[in-house]
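A.B. asks: The structure's right below; bear with me while I get my questions together.
What follows is calculated from the coordinates using simple rules that are stated; it is not laboratory data. What you see is a predicted model; the values in this text were computed from it and never measured. Every residue, glycine among them, receives a Cβ derived from its backbone with ideal geometry; neighbour counts consider all protein chains shown.
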Amino acid sequence: MLRKQMTLVALAAMVIVAATAFVQAESAPTMVVPSKIIDAGTVSQGVMVDAVFDLVNEGDATLVVKAVRPTCGCTVADFDREIAPGATGKVKAKLDTKDFAGPISKSILVMTNDPQNPTVTLVIKADIRPFVEILPRPLIRFNAVAHEPMSQTFIVVGADPEKSFTVSSVESSVPFIATSVRQLGDDELIKGKSKNQYEVTLSLIDNAPVGPVNAVLSVNTDLKEAPKVPVKVYGVVRALIHVTPTQVQFGSVKAATRPGRNLIVVNNRTDGTKVQVTGATVDDPAFDAQVTTIEEGRRYQVTVVVKADADPGSRDATLTLATTDKDFPTVTVPVRANLR
């Protein structure tokens, strides 16, 4: 019995040794990246930054680079797909700096068949200095009311105090934003910047559409390094007489229960002019409408109610609000219902 147990122990030891030898004999790649971060230092805006990363295979099997994925569209990568044992491969990246300013850091994910280190993150860093600066920043936000004046300004300056330039014009991607340009006088200049400085004024034309605004202004200069400098514009144009919601939806309802829906009418004029809602009518006899004052001349509630004796059927009507506003004496709102 004892001899049998010793035999089993010896067999188990042999199996362990054989398995260990098999694992040790199995080859595998080992990826080593000597430098995972490349700092390009100070770079002029618009310059294409080239960054080359070394991938060293210190294993005893071929290192396969399965994928290289930049984390943003600004970086385009090329790479060696297979790296022999003891050899060095390359990941070549290009960083387009035209849309950046200030310190930036962009990452690249490298995925391989290295069992111990399958994914590595590479980083490109740079401090982007624009040839032309937009002050206080190249982003304009506004909240405007239709038919009321709205204007904002920004300053265009050269980053190099010794280099002169000219702003020839400013173009807008939407037709309802107007722009004008004037060169600043000596007593208006921002110190430490180029002597050529320009003030750009943007404004809404009178018939600007109501709704959100997402536009880009292009500042055109005579600098070959920065012929067009983008300025983003975000905002909203609110109606002078704003109605919420923009339509009355009843859905499928029983007329006998006299269901009602409310909407709010707001006077958005900023000059202090008061606007009264003097009446509300629906062009379908199945509905009644009533106006309630919340704040005289500023806010009103309008209630639309289905009459109890209204005939069944689908309704597509219009609510008309009468106001004292000189530009909007009437405001219309769709009314829809399926009466049972």
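A.B. asks: Could you work out the helix-only [θ] at 222 nm for the chain, with each DSSP H run of four or more residues adding -39,500 (n - 2.57) and the total divided by the number of residues, to the nearest 500 deg cm²/dmol?
C.D. replies: -2500 deg cm²/dmol
A.B. asks: If you don't mind, another one. Report the gain in length on full extension from SER172 to LEU184: 0.36 nm times residue separation, minus Cα-Cα distance, nm rounded to one decimal.
C.D. replies: 2.2 nm
A.B. asks: So, in nm, how far is label THR88 from label ALA322 when the simple model puts each one 7 Å beyond its Cα toward the Cβ?
C.D. replies: It is 8.7 nm.
A.B. asks: With each label point set 7 Å from Cα along the Cα-Cβ vector, what nm distance links ALA67 and ASP80?
C.D. replies: According to this spin-label approximation, the distance is 2.3 nm.
A.B. asks: What list of ³J(HN,Hα) values in whole Hz, one per residue of the stretch 79-85 in order, does the Karplus curve 6.51 cos²θ - 1.76 cosθ + 1.60 (θ = phi - 60°) give from phi, with Gly and Pro shown as x?
C.D. replies: Result, ordered by residue: 7, 7, 7, 10, 10, 5, x Hz.
A.B. asks: I've got another one for you. State, to one decimal in nm, how far the label point of SER105 lies from the label point of HIS147, with both points 7 Å from Cα in the Cβ direction.
C.D. replies: 5.3 nm
A.B. asks: Another question, then. Give the dimensionless ratio obtained when the Cα radius of gyration of the stretch 179-301 is divided by 2.2 N^0.38 Å.
C.D. replies: 1.78
A.B. asks: Using the alpha-carbon centroid of each, what span in Å lies between the stretch 114-143 and the stretch 305-320?
C.D. replies: 57 Å
A.B. asks: To test your reading of the geometry: what angle, between 0 and 90 degrees and rounded to tens, separates the Cα axis of helix 2-25 from the longest principal axis of the chain?
C.D. replies: The angle comes out at about 70 degrees.
A.B. asks: Further question on the same structure: Taking the Cβ-Cβ separation of ASP271 and ARG336 as r and a Förster radius of 45 Å, what is the calculated FRET efficiency to the nearest 0.05?
C.D. replies: Result of the calculation: an efficiency of 0.80.
A.B. asks: Give the percent of DSSP beta bridges with both residues in the stretch 16-130 that are antiparallel, rounded to the nearest 5.
C.D. replies: Approximately 85 percent, going by the DSSP bridge assignments.
A.B. asks: Then there's this: What relative contact order, as a whole-number percentage, does the stretch 179-301 give when Cα pairs under 8 Å and 6 or more residues apart are counted?
C.D. replies: Dividing the mean separation by the residue count of the stretch 179-301 yields 15 percent.
A.B. asks: Report the equivalent ellipsoid semi-axes for the stretch 132-238 in whole Å, largest first, defined as the square roots of five times the eigenvalues of the gyration tensor built from alpha carbon atoms. Write out the running numbers ahead of the final one.
C.D. replies: Numbers: eigenvalues 147, 36, 23 Å².
Largest first, the stretch 132-238 gives 27, 13, 11 Å.
A.B. asks: Which one is right for this structure if Kirkwood radius over Cα pairs in Å is calculated from it: (1) 27.4; (2) 19.8; (3) 22.7?
C.D. replies: Computed from these coordinates, Kirkwood radius over Cα pairs in Å corresponds to label (1).
A.B. asks: How high is the relative contact order of the chain, in percent, counting Cα pairs under 8 Å that sit 6 or more residues apart? Spell out each step's value before the answer.
C.D. replies: Values: 797 pairs, mean separation 38.4, N = 340.
Worked out over the chain, it gives 11 percent.
A.B. asks: As an exercise, take the mean of 1/r over every pair of distinct alpha carbons in the stretch 241-339, invert it, and state the Kirkwood radius in angstroms.
C.D. replies: One decimal place: 13.8 Å for the Kirkwood radius.
A.B. asks: Another one. Along the stretch 208-216, what does the Karplus equation 6.51 cos²θ - 1.76 cosθ + 1.60 (θ = phi - 60°) give for ³J(HN,Hα), rounded to whole Hz, x for Gly and Pro?
C.D. replies: Whole-Hz 3J(HN,Hα) from phi for the stretch 208-216: 4, x, 6, x, x, 10, 9, 9, 10.
A.B. asks: State the extension gain, in nm to one decimal, for the chain segment bounded by ARG137 and ASP54, taking 0.36 nm per residue of separation less the distance between their alpha-carbons.
C.D. replies: Stretched out fully, the ARG137 to ASP54 stretch lengthens by 26.1 nm.
A.B. asks: Can you pick out the pairs among LYS36/LYS224; LYS98/LYS232; LYS125/LYS193; LYS94/LYS163; LYS90/LYS125 whose Cα atoms lie more than 23 Å from each other? Before the final figure, lay out the partial values.
C.D. replies: On the way: LYS36/LYS224 34 Å; LYS98/LYS232 14 Å; LYS125/LYS193 26 Å; LYS94/LYS163 28 Å; LYS90/LYS125 18 Å.
In this structure, LYS36/LYS224; LYS125/LYS193; LYS94/LYS163 lie more than 23 Å apart at Cα.
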